[in-house]
Amino acid sequence: MTDEAMSNGVPEDGFQPGNPAPHRADLGRRVVARRRDLGLTREDVAVRSGSAPGYIQYLEEHSASPGIGFLLRLADALETSVTELTGATTDLPPGIGAAGYHSELITLSTEESRALLSTHGVGRVAVTRDGGPAIFPVNYTVDGDLVAYRTAPDAAPAAAAGHEVAFEVDHIDEAFSQGWSVLVVGTAQPVTDPERVLRLEELAHTTAWAGGDRGLWIVISPTQITGRRIQVHHGHRV
């Protein structure tokens, strides 16, 4: 940890080993998630931010209030922004950052699109309901060539069953004003075979975020998979 000005005897980075908090704060969870996304160890982050591995561990596992100087270094080490780390954009839609200089829209190959799709997470399924189009977010997983999500029989996403639908998943990197999206078009069908249901349950990385009894699995058999990526060269931003 670099030498920093101290206020009231508390280091600028907020590290107080003798006064730990009983739970991990949101900042710590965001640090962990971003560090793992980048494939970095705590030691890597410590070196990048001019801190100590012990403090990075403390920050990830306890509640702390680092000063703005350390937060700036930490955000730079994690290739993101202070607003992202502190959750200032939590209730805002993605993509509010400024566009980057020299950005390029790249068409992805089917193989690249499949690879991104297979990372699973949250996607959006577009269905026709009550005479009009509607889009709903769902937790999904991938089973071979199939995209699968679970819902309740009376929930809106269940309306996809028996129809051609569009399914989209994307990732937005606010810090660098870039990201990607993958679009799947195909026929959706309900899963009725108990063995297939069990397989999907085993493949699922999480239960449905919406909670409740969501035992109906819908699988989409893709007839078309396309993807695009926004790439910013040289890391410049407006």
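Listed values, structure above:
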read-out	value
More than 24 Å apart - percent of Cα-Cα pairs taken over the stretch 129-238	33 percent
Per-pair calculated FRET efficiency, R0 = 35 Å: ASP130 and ASP44 via Cβ, rounded to 0.05	0.10
Inter-label distance, nm, simple model (7 Å from Cα along the C-beta direction), GLU168/VAL142	1.9 nm
11 Å beta-carbon shell around ILE220, net charge (K/R +1, D/E -1)	-3
Around ILE106: net Lys/Arg minus Asp/Glu count, Cβ-Cβ under 11 Å	0
Two-site label geometry, ILE68 and THR86: point separation in nm, points 7 Å out along Cα→Cβ	0.8 nm
15 Å beta-carbon shell around LEU203, net charge (K/R +1, D/E -1)	-3
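Computed from the coordinates by the stated procedures, all read-outs in this text should not be read as laboratory data. Quick caveat, the model's predicted, so the values are computed rather than measured. Using ideal geometry, Cβ is built from the backbone for each residue, glycine included, and neighbour counts are taken over all protein chains shown.
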